[in-house]
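Read the structure below first, then the notes.
The values are calculated or read from the model by the stated rules, or taken from the named source; none is laboratory data. It should be emphasised that the depicted structure is a prediction, and the values quoted were computed from it without experimental measurement. Every residue, glycine as well, gets a Cβ built from its backbone with ideal geometry; the counts of neighbours run over all protein chains shown.
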């Protein structure tokens, strides 16, 4: 016999009304009780009436808010395209989407933008937030369903994460370097922000992998340039004049700035995203390789999982995108 809301309520010792509020995203339920309801749903194999849920969504439209720091980074343009595809597919069911994008990684600006988006009347939130106590506290306080994409920030009530395994991406880049290096690498790492989970994790995993393999290299520095080409160009130019770097790892955006500084110098450059700009420079032979994390699918699944959650009432599983090594011959 199929499990019912009464069965779920009985097994965790709450009222059927509490279970109903979790399933239909109505009213306030403590994080602890919400987690128990999700666990019981999974244990009992509960399957709600999807037809009824879809009808309910149609009668009560759901606007999903999207927040990310994508002003400088064309990577997020591809994420947004994936989101727009998912939004279009379910628009007839009453779903819509509202996007807020900010410039840079300032915590106060991020917090204010998040508050403005939530207070605009959205029914759910998917965001790519920076690591900051104010942001964590705010996201933890929300009464609407929320999830993260591209950066796996932990906070109370987070429904799911869609994005890359950044530790794996760092390991892959380290492995590629160890396979291809023709001399002792003297490395500089360029990243967007040390407050963005993925940005810091890639570099940390990259270095740890080299160290664990007892690979001989020199780290000349790790620099956060805000995904900005001009800032990156200035940083790399100064390093070229003050150090003997021969390897540049651009973990996020800022590649064109780095290449402008490098000019025709014989320096190994590699990256860890897949954008039209990166493709152009790989084809030109100025970038050795990149590691794609499928931004289009990240965007698509970030929205689709929230839509399906509204229809099914079942907490979604995380979705980790695949990594693909791309070289000149890939294009």
Any hit, the stretch 90-111, residues being assigned to a loop (DSSP other than H, G, I, E, B), over 18 Å from the mean Cα position of the chain (by Cα) and closer than 29 Å to residue 311 by Cα:
yes
**Q.** Test for residue 233: is it over 27 Å from residue 324 (Cβ atoms), touching a helix residue (DSSP H, G or I) at 6+ places or on another chain (Cβ under 7 Å) and modelled with pLDDT of 95 or more
**A.** yes
Regarding residue 94, is this residue at pLDDT 80 or above and either more than 30 Å from residue 196 (Cβ to Cβ) or in the same structural domain as residue 272 (by TED's automatic domain parsing) (or both)? yes
Of the conditions (1) crowded, with 20+ Cβ neighbours inside 10 Å; (2) closer than 25 Å to residue 150 by Cα; (3) in the same structural domain as residue 183 (by TED's automatic domain parsing), the single one that residue 313 does not satisfy is (3)
Across the stretch 34-78, the tally of residues that are at pLDDT 70 or above, touching a strand residue (DSSP E or B) at 6+ places or on another chain (Cβ under 8 Å) and under 25 Å from residue 156 (Cα atoms) stands at 8
Checking 184, 156 in turn, the sole residue that is in the same structural domain as residue 263 (by TED's automatic domain parsing) and touching a residue at least 12 places away in the same chain (Cβ under 8 Å) turns out to be 184
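Only one of these is over 20 Å from residue 145 (Cα atoms), in a helix (DSSP H, G or I), modelled with pLDDT under 85 and touching a helix residue (DSSP H, G or I) at 6+ places or on another chain (Cβ under 9 Å): 6, 81. Name it.
On the way: 81 fails: modelled with pLDDT under 85.
None of the others qualify; the one that does is 6.
Would you confirm, using the coordinates I've provided, whether residue 128 is outside the structural domain of residue 22 (by TED's automatic domain parsing) and crowded, with 21+ Cβ neighbours inside 10 Å?
Details: outside the structural domain of residue 22 (by TED's automatic domain parsing): yes; crowded, with 21+ Cβ neighbours inside 10 Å: yes.
Answer is yes for this residue.
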The correct count of residues that are touching a residue at least 12 places away in the same chain (Cβ under 8 Å) and over 21 Å from residue 198 (Cα atoms) in the stretch 258-278 is 8
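Could you count how many residues in the stretch 112-141 are under 15 Å from the mean Cα position of the chain (by Cα) and under 15 Å from residue 154 (Cβ atoms)?
Residues of the stretch 112-141 under 15 Å from the mean Cα position of the chain (by Cα): 125-131.
Filter once more, so that each one left must be under 15 Å from residue 154 (Cβ atoms): 127-131.
Within the stretch 112-141, residues that are under 15 Å from the mean Cα position of the chain (by Cα) and under 15 Å from residue 154 (Cβ atoms) number 5.
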Pairs returned, first residue in the stretch 312-331 that is on the phi > 0 side of the Ramachandran plot and in contact (Cβ under 8 Å) with a residue 60 or more places away in the chain, second residue that is in a helix (DSSP H, G or I) and surrounded by fewer than 16 Cβ atoms within 10 Å (Cβ to Cβ), beta-carbon separation under 7 angstrom, 6 or more apart or interchain, are 313/24
Restricted to the stretch 310-324 and to residues being within 19 Å of the chain's Cα centre (by Cα) and not in a loop (DSSP other than H, G, I, E, B), the residue farthest from residue 159 (Cα to Cα) is 324
Within the stretch 181-206, residues closer than 17 Å to residue 290 by Cα, modelled with pLDDT of 95 or more and out of contact with any helix residue (DSSP H, G or I) (no Cβ under 7 Å at 6 or more places or on another chain) come out as 187
Apart from one, (1) assigned by TED's automatic domain parsing to the domain that holds residue 131; (2) surrounded by fewer than 19 Cβ atoms within 10 Å (Cβ to Cβ) all hold for residue 218; the odd one out is (1)
Apart from one, (1) assigned to a loop (DSSP other than H, G, I, E, B); (2) surrounded by fewer than 16 Cβ atoms within 10 Å (Cβ to Cβ) all hold for residue 288; the odd one out is (2)
Note on residue 294: of the conditions (1) at negative phi; (2) touching a strand residue (DSSP E or B) at 6+ places or on another chain (Cβ under 8 Å); (3) surrounded by 15 or more Cβ atoms within 10 Å (Cβ to Cβ), unmet is (1)
